[in-house]
Amino acid sequence: MDMSFTPEQEAFRSEVREWIAQAMPPHIATKANNDGAFSNAEVMEWHKVLAAKGWVAPHWPKEFGGPGFDATQRFIFGQEMELAGTPQLSPFGLSMVGPLIMQFGNDAQKQRFLPKILSGEEVWCQGYSEPNAGSDLASLKTRAEKNAAGNYVLNGQKTWTTYAQYADWIFVLARTNPDVKQQAGISFFLVDMKTPGLTVKPFLTTGGTPAFCETWFENVEVPKENLIGQENMGWTYAKALLGHERTLVSGVGISARTLLRTKRLAKEIQKDGRPLLEDPGFRAKIARSEIKLEALRMTVLRSLASAQLGHAPGPESSILKLRGTDLQQETVDLLMEVLGHDSLTWFNPEGTVNPRGESAPSIFNYVRAATIYAGSNEIQKNIIAKMILGLPSA
Ligand SMILES: Cc1cc2nc3c(=O)[nH]c(=O)nc-3n(C[C@H](O)[C@H](O)[C@H](O)COP(=O)(O)OP(=O)(O)OC[C@H]3O[C@@H](n4cnc5c(N)ncnc54)[C@H](O)[C@@H]3O)c2cc1C
């Protein structure tokens, strides 16, 4: 397999690189160079810059406003964005509910929702998990009952709703039939966050970010037009969306950037009178992570090529999730090792005071969660055992 890029693809890479360099607002570029944390306002600012260029949804088909990139262009584009350290856009609209609406939504829903996801006018969050329904998502208790007008009334609680405090809309799984097998009684709803009865309570994590929320539904009325597909078929749609989510969380760019930063620091930091990067033991660790990164990158490329042919993400997305999140943790462990006592500094949202150590402990704490969210890694192993290796259920 020839993995080198053609002259056209290299020209595309240069075009993307040059565009990012001139399009990134200076205050965002400063933070990107210093590994600072981006505020929600900065993420949305970058979203709008990309939207104006027509590059905000590289994976969307042209008919819905995507740029018409092929799989390799998407890969090159993503790599350049990651290498430049640009803010990561909220995935819930662009990478989760957007593709789901394209696949299972009706024409009215496509016209109503997709343009506003692209423009950034409407930001989304994900209402799947509940206090007692995470890995065992099908046991969710939030109810949706039809009222006299044929609309749905939602009652229940969601948890871990990332960035719900900034969202305009939430996609929700709720039980519409309690009398059948769990998976057969769930429906998928699009809910306006301003609906009366919907309350969001943010909470802080050890990563220092107020990223997560509890979301409460008390008699929240959802118009029947906001049901996706058919009633009680939500589990099918939910699983399709999780496929998109797991492909996304492979985090190749995050690991690549952490490794780059680690190597840069290891050139500066001395051990026994020479740069740490020249220490054979340390070099071996870096090499091991780089090999894993390359293997993951190739697997992502194969999965993108398959998506390009119109195949929905299958159980292989569990492999991307598993390997990708393990690697995110491994590379941040290396970063912390290089930093030594500098890694004891706490994170600095401006990313300007001590570029050497700032933000590393925050990232370290944050990526502990990577092996939990989007379906924990133990559950991914169960999926791989059953769906790929064909082993019997435990
Ligand atoms: C940072 C973060 C952000 C999140 N963002 C969102 C969001 O925006 N929206 C949303 O809906 N959800 C979100 N989640 C929720 C996430 O998807 C769940 O945390 C995840 O699915 C695990 O569920 P749980 O926390 O209930 O753990 P549990 O299901 O209680 O699992 C606890 C432990 O038991 C293990 N376990 C459970 N069952 C099995 C089994 N059958 N076999 C082997 N091991 C098992 C798990 O792997 C895990 O290690 C987020 C979570 C985190 C941590």
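The values are calculated or read from the model by the stated rules, or taken from the named source; none is laboratory data. The structure presented is a predicted model; accordingly, all values stated were derived computationally and were not measured. With ideal geometry, Cβ positions are generated from the backbone for all residues, glycine too; neighbour counts draw on all protein chains shown. Surface accessibility is based on the protein's heavy atoms, side chains included, excluding ligands, DNA and RNA. Shrake-Rupley method; radii C 1.70, N 1.55, O 1.52, S 1.80 Å.
When the helices (runs of 4 or more DSSP H) confined to the stretch 43-131 are screened for residues that are within 16 Å of the ligand (Cβ to nearest atom), open to solvent by 50 Å² or more (accessible area, probe 1.4 Å) and among the hydrophobic types (A, V, I, L, M, F, W, C), none reaches at least 2 such residues.
For beta carbons closer than 7 Å, sequence separation of 6+ or different chains, a first residue in the stretch 214-236 that is within 15 Å of G197 (Cβ to Cβ) and a second that is of a type in the set (D, E, K, R) and open to solvent by 70 Å² or more (accessible area, probe 1.4 Å), the qualifying pairs are E214/K201.
State whether one or more residues within the stretch 282-292 are among the hydroxyl-bearing types (S, T, Y), open to solvent by less than 60 Å² (accessible area, probe 1.4 Å) and within 30 Å of P61 (Cα to Cα).
Restricting attention to the stretch 282-292, the residues satisfying the condition of being among the hydroxyl-bearing types (S, T, Y) are 289.
From the residues that got through so far, the ones that are open to solvent by less than 60 Å² (accessible area, probe 1.4 Å) too are 289.
Cutting the leftovers down to within 30 Å of P61 (Cα to Cα) gives us none.
Among the residues of the stretch 282-292, not one is among the hydroxyl-bearing types (S, T, Y), open to solvent by less than 60 Å² (accessible area, probe 1.4 Å) and within 30 Å of P61 (Cα to Cα), which makes the answer no.
Being farther than 30 Å from L344 by Cα and part of a loop (DSSP other than H, G, I, E, B) is the requirement here; does G150 meet it? When the stated conditions are applied, G150 passes them. Of everything listed in (1) open to solvent by 30 Å² or more (accessible area, probe 1.4 Å); (2) hydroxyl-bearing (S, T, Y); (3) not in a loop (DSSP other than H, G, I, E, B), the single unmet condition for Y237 is (1). State yes or no: is K141 under 13 Å from W216 (Cα atoms), more than 12 Å from the ligand (Cβ to nearest atom) and either charged (D, E, K, R) or in contact (Cβ under 8 Å) with a residue 60 or more places away in the chain (or both)? Judged against the criteria, K141 is a match.
Limited to the stretch 322-365, what total is found for residues that are modelled with pLDDT of 90 or more and either within 25 Å of the chain's Cα centre (by Cα) or surrounded by 15 or more Cβ atoms within 10 Å (Cβ to Cβ) (or both)? Full working, then the answer.
Initial filter on the stretch 322-365 (modelled with pLDDT of 90 or more): 322-338.
Narrowing the set further to residues that are either within 25 Å of the chain's Cα centre (by Cα) or surrounded by 15 or more Cβ atoms within 10 Å (Cβ to Cβ) (or both) leaves 322-336, 338.
The number of residues fulfilling the criteria is 16.
Evaluated against (1) open to solvent by less than 50 Å² (accessible area, probe 1.4 Å); (2) within 22 Å of the chain's Cα centre (by Cα); (3) under 25 Å from E122 (Cβ atoms), N40 falls short on exactly one condition, (1). Residue pairs whose Cβ atoms lie under 8 Å apart, sitting 6 or more positions apart in sequence or on different chains, and linking a residue in the stretch 75-87 that is modelled with pLDDT of 90 or more to a partner that is in a loop (DSSP other than H, G, I, E, B), are F77/W55; F77/P58; F77/F69; T86/M24; P87/F38.
Counting only residues that are open to solvent by 10 Å² or more (accessible area, probe 1.4 Å) and either within 23 Å of K224 (Cα to Cα) or touching a Gly at 6+ places or on another chain (Cβ under 7 Å) (or both), the stretch 165-187 holds 12 of them. If you go through the stretch 144-164 and keep only what is within 12 Å of the ligand (Cβ to nearest atom), open to solvent by 30 Å² or more (accessible area, probe 1.4 Å) and farther than 20 Å from I379 by Cβ, you end up with Q157, Y163. Which of the residues belonging to the stretch 22-37 are open to solvent by less than 20 Å² (accessible area, probe 1.4 Å) and touching a Ser or Thr at 6+ places or on another chain (Cβ under 7 Å)? The answer is A32, G36.
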